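K.L.:
I have a structure I would like to understand better, so I am pasting it below and will then ask my questions one at a time.
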Amino acid sequence: MSVLVYTESLKGKFKKNAFEVASYAHKVAQDLGTTVTAVAFNAEDAAALGTYGVSKVLNVSYDALSTFSAKAYADVLAQAVKAEDAKVVILSSTADTKYLAPILAAKLGAGYAPNVVAAPDSTSPFVVKRTAFSNKGFVHTEISSDIKIVGVSNNAYGVVENAVSASVEDFNPSLTDGDFAVKSVEVDRVAGKVTIADADIVVSGGRGLKGPEHWGMVEELADVLGAATACSKPVSDLGWRPHSEHVGQTGKPVASNLYIAIGISGAIQHLAGVSASKVKVVINNDPEAPFFKAADYGIVGDAFEVVPELIEKLKEFKAQNA
Amino acid sequence: MKILVCISNVPDTTSKINFTEGDTKFDTNGVQFVINPNDEFGLTRAMWFKEKQGATVHVATVGGAQTEPTIRKALAIGADEAIRVNAEPKDGFYVAQQLAEVVKNGGYELVIAGRESIDYNGGMVPGILATLLDMNFVNMCIGLEIDGTTATAIREIDGGKEKLSTSLPLVIGGQKGLVEESDLKIPNMRGIMMARKKALNVVEPIDASQPTQDQKFDKPAAKGPVKLVDAGNVGELVELLHNEAKVI
Ligand SMILES: Cc1cc2nc3c(=O)[nH]c(=O)nc-3n(C[C@H](O)[C@H](O)[C@H](O)COP(=O)(O)OP(=O)(O)OC[C@H]3O[C@@H](n4cnc5c(N)ncnc54)[C@H](O)[C@@H]3O)c2cc1C
Ligand SMILES: Nc1ncnc2c1ncn2[C@@H]1O[C@H](COP(=O)(O)O)[C@@H](O)[C@H]1O
């Protein structure tokens, strides 16, 4: 028996969340008195997972799996679960993983708890704490099936070092044509930009910015901070920004360390999706904007004056701390 | 083409969330229930297939009699028939098994569900359903075209989108983008009148497993007051973020 963790990579390089889910898996394995086996796809430096407590890596190197394919990846994971006799599977909360998780759950007849924000409350019975009602509440869920799948929220557990030496093995799953019945035709990913899911810092703009032509300063602020850019729903509905930047209850969830909201009023549907962020900063010219009640830091002022000033101060800060 | 739109009945997005019975139950007191927003986009896309491609559109929900106003609303928007599986939606796996039975019996070729329900944010029903039925599956779907039995779908990925090609039978987990916000239909008087005459078939649940149990709820800790920084002293914010919050 072991704890299995799916560690994501992009073009051979592990994503940051791979180390977070590995850390989480290590914690669960410790509680259960067992070890962690990771599954990686075409990873270049698979042994690096040892730093986070993974003692064995099953590395799958197939050309056919060089682009993500939900069903095929889920099939590989299911075969790894069987091979390792794993009872707990740890996953992240990226778009790709949320795509494959239910497929895996159905294949294994396993209970799946997504959006988990802490190490298990207990492992026998197996109870985890997860967000519900779009971050307005938490629910403690028992997973009672033989195999259990836990989806860890981004940034909720953190990256924890627990160095062990990791053995790396090639894993050769058997795949069928059916695994590839949904084919990728074209991937349109903005190159060289931090994604909302990966970002430590997210800079977000609302209708208060008046029009798409004013996003230059939002992007510059994001650049200085190494942040991802996001927006409120009306901003994407109006076509000022792409849908993929829409955050909130009906958009992408944000769980960054720092969330900076510029010209966003803080409607309940917006807050629901971003409140998992640890520190929230609001810049708004209306002192009554509801967002101030949900924020840690705020500036009441005109975004068109405050944001350029903030960019300058951050550049000075960077220069001093470089 | 026969389409099934799966609808979950969820608290309105503005609802205050409270718990009762020693924090073991969601308190529905005073809560307004609506069609799950992700399903509303899916339903509107289904209406497009009905108008432009002659599809038949049914809606299904797994829930008690209290969900009927929500299903009637879907009928008022234009669905042809509704099915209610008369059971509490215990968990995602349980719901997916019930819906799988509905899909099998109804011979649907396209099942449109939502990316997630905004109540428990499970995000699992469509994927489990597709896998149980061995149908193709696209999640976080923001665009869908059907030509004969060929489907072209766009899905949202972190930092962009991906175009996918597949075939019917197909299940999608949809969201905004399938149609735009401005395309959403509000039921009109005629729709509401017609909905009263449409079939709402109640079926009993099958035996199904329930691998997870929600035991207890709690709410996020109350937040301290915001620290305001003067607009003339933006440097102080940088200080605070570095020294106090330690996030830069
Ligand atoms: C079913 C449903 C789901 C929804 N889901 C979401 C969701 O997922 N995400 C989401 O964001 N919204 C969502 N909404 C919409 C939500 O209710 C709000 O309408 C929306 O969040 C408002 O966006 P905003 O704050 O950008 O715009 P507004 O509410 O118009 O606020 C603009 C703000 O900018 C400020 N401002 C104006 N000028 C300046 C200036 N010069 N400098 C600084 N500040 C300025 C104003 O004071 C104001 O507070 C949803 C709504 C519904 C009904
Ligand atoms: N009780 C239910 N009845 C019908 N469809 C449901 C139900 N619960 C979830 N669904 C469908 O599955 C999608 C994802 O829900 P969930 O997995 O609960 O987050 C929803 O958007 C619905 O389309």
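The values are calculated or read from the model by the stated rules, or taken from the named source; none is laboratory data. Bear in mind that the values here come from a model prediction, so they are computed numbers and not experimental data. Here the Cβ is made from the backbone with ideal geometry for all residues, glycine too, and neighbour counts use every protein chain on show. Calculation scope for accessible area: heavy atoms of the full protein, side chains included, ligands and nucleic acids excluded. Shrake-Rupley method; radii C 1.70, N 1.55, O 1.52, S 1.80 Å.
K.L.:
In segment A:1-45, which residues are of a type in the set (G, A, S), surrounded by fewer than 23 Cβ atoms within 10 Å (Cβ to Cβ) and more than 20 Å from A:N154 (Cβ to Cβ)? Don't jump to the end; show me each part of the working.
P.N.:
Narrowing segment A:1-45 to residues of a type in the set (G, A, S): A:2, A:9, A:12, A:18, A:22-23, A:25, A:29, A:33, A:38, A:40, A:43.
Add one more test, that the residue is surrounded by fewer than 23 Cβ atoms within 10 Å (Cβ to Cβ), and what stays is A:2, A:9, A:12, A:33.
Matches in segment A:1-45: A:S2, A:G12, A:G33.
K.L.:
Tell me, which residue of segment B:20-37 that is within 11 Å of ligand 1 (Cβ to nearest atom) and within 11 Å of chain A (Cβ to nearest Cβ) is surrounded by the fewest Cβ atoms within 10 Å (Cβ to Cβ)?
P.N.:
In this case the residue turns out to be B:P37.
K.L.:
Being β-branched (V, I, T), in contact (Cβ under 8 Å) with a residue 40 or more places away in the chain and touching an Asp or Glu at 6+ places or on another chain (Cβ under 8 Å) narrows it down to one of A:I311, A:I260, A:I264, A:I299, so name that one.
P.N.:
A:I311
K.L.:
Okay, moving on. Please indicate, with yes or no, whether at least one residue in segment B:86-105 is touching a Ser or Thr at 6+ places or on another chain (Cβ under 9 Å), away from ligand 2 (no atom under 12 Å from the Cβ) and basic (K, R).
P.N.:
No: segment B:86-105 contains no residue that is touching a Ser or Thr at 6+ places or on another chain (Cβ under 9 Å), away from ligand 2 (no atom under 12 Å from the Cβ) and basic (K, R).
K.L.:
Here's something else I'd like to know. Can you tell me which residue among B:G235, B:G224 is of a type in the set (G, A, S), more than 7 Å from chain A (Cβ to nearest Cβ) and free of Cβ contacts under 8 Å to residues at least 60 places away in the same chain? Reasoning before the result, please.
P.N.:
Details: B:G235 fails: more than 7 Å from chain A (Cβ to nearest Cβ).
Just one listed residue meets the conditions, B:G224.
K.L.:
Regarding A:S236, is this residue open to solvent by less than 10 Å² (accessible area, probe 1.4 Å) and either within 9 Å of chain B (Cβ to nearest Cβ) or more than 21 Å from B:G159 (Cβ to Cβ) (or both)?
P.N.:
yes
K.L.:
Which condition number does A:G211 fail, the rest of (1) more than 8 Å from chain B (Cβ to nearest Cβ); (2) open to solvent by 50 Å² or more (accessible area, probe 1.4 Å) being met?
P.N.:
The one condition A:G211 does not meet is (2).
K.L.:
A further question follows. Tell me, yes or no, whether segment B:9-19 has at least one residue that is within 20 Å of B:A208 (Cβ to Cβ), open to solvent by 10 Å² or more (accessible area, probe 1.4 Å) and either hydrophobic (A, V, I, L, M, F, W, C) or more than 11 Å from ligand 2 (Cβ to nearest atom) (or both).
P.N.:
No, segment B:9-19 has no match at all.
K.L.:
On to the next question. Every residue in segment A:60-74 that is buried (at least 20 other Cβ atoms within 10 Å of the Cβ) and away from chain B (no Cβ under 14 Å), please.
P.N.:
To start, the set of residues in segment A:60-74 that are buried (at least 20 other Cβ atoms within 10 Å of the Cβ) comprises A:60, A:68-74.
Passing the criteria: only A:V60.
K.L.:
Identify all residues within segment B:101-155 that are within 16 Å of ligand 1 (Cβ to nearest atom) and within 15 Å of B:I3 (Cβ to Cβ); write none if there are none.
P.N.:
Passing the criteria: only B:G114.
K.L.:
I've got another one for you. Considering each of A:L77, A:L100, A:L104 in turn, give the residue that is open to solvent by less than 30 Å² (accessible area, probe 1.4 Å) and away from every other protein chain (no Cβ under 11 Å). Please lay out each step first, then the result.
P.N.:
Details: A:L100 fails: away from every other protein chain (no Cβ under 11 Å); A:L104 fails: away from every other protein chain (no Cβ under 11 Å).
The unique qualifying residue is A:L77.
K.L.:
Here's a follow-up. Can you say whether A:I196 is within 13 Å of ligand 1 (Cβ to nearest atom), in a loop (DSSP other than H, G, I, E, B), under 29 Å from A:N321 (Cα atoms) and in contact with a strand residue (DSSP E or B) (Cβ under 9 Å, 6 or more places away or on another chain), as far as the supplied structure shows?
P.N.:
Criteria met by A:I196.
Each row is one residue, and each column tells you yes or no for (1) in contact with a Pro (Cβ under 8 Å, 6 or more places away or on another chain); (2) away from ligand 1 (no atom under 11 Å from the Cβ); (3) hydrophobic (A, V, I, L, M, F, W, C); (4) over 30 Å from B:G114 (Cα atoms).
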| position | (1), (2), (3), (4) |
| --- | --- |
| A:G248 | no, no, no, no |
| A:A276 | yes, yes, yes, no |
| A:V282 | no, no, yes, yes |
| A:P287 | no, no, no, yes |
| A:A303 | no, no, yes, yes |
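K.L.:
Look through segment B:127-174, keep the residues that are in contact (Cβ under 8 Å) with a residue 60 or more places away in the chain and open to solvent by 10 Å² or more (accessible area, probe 1.4 Å), and return whichever of them is farthest from the other protein chains (Cβ to nearest Cβ).
P.N.:
That would be B:I146.
K.L.:
Here's something else I'd like to know. For segment A:26-53, what are the residues that are in a strand (DSSP E or B) and of a type in the set (F, W, Y)? Can you show your working first?
P.N.:
Initial filter on segment A:26-53 (in a strand (DSSP E or B)): A:36-41.
A:F41, the sole residue that qualifies.
K.L.:
I've got another one for you. What do you reckon, is B:E51 under 17 Å from B:G148 (Cα atoms), away from ligand 2 (no atom under 13 Å from the Cβ), open to solvent by 50 Å² or more (accessible area, probe 1.4 Å) and more than 18 Å from the chain's Cα centre (by Cα)?
P.N.:
yes
K.L.:
Given the criteria under 27 Å from B:K25 (Cβ atoms), open to solvent by 30 Å² or more (accessible area, probe 1.4 Å) and not β-branched (V, I, T), does B:E88 qualify?
P.N.:
So B:E88 passes the test.
K.L.:
Which pairs have Cβ atoms under 6 Å, sit 6 or more apart or on different chains, and link a residue in segment A:50-71 that is over 17 Å from A:T37 (Cβ atoms) to one that is small (G, A, S)?
P.N.:
Listed pairs, sorted by first residue: A:T67/A:S184.
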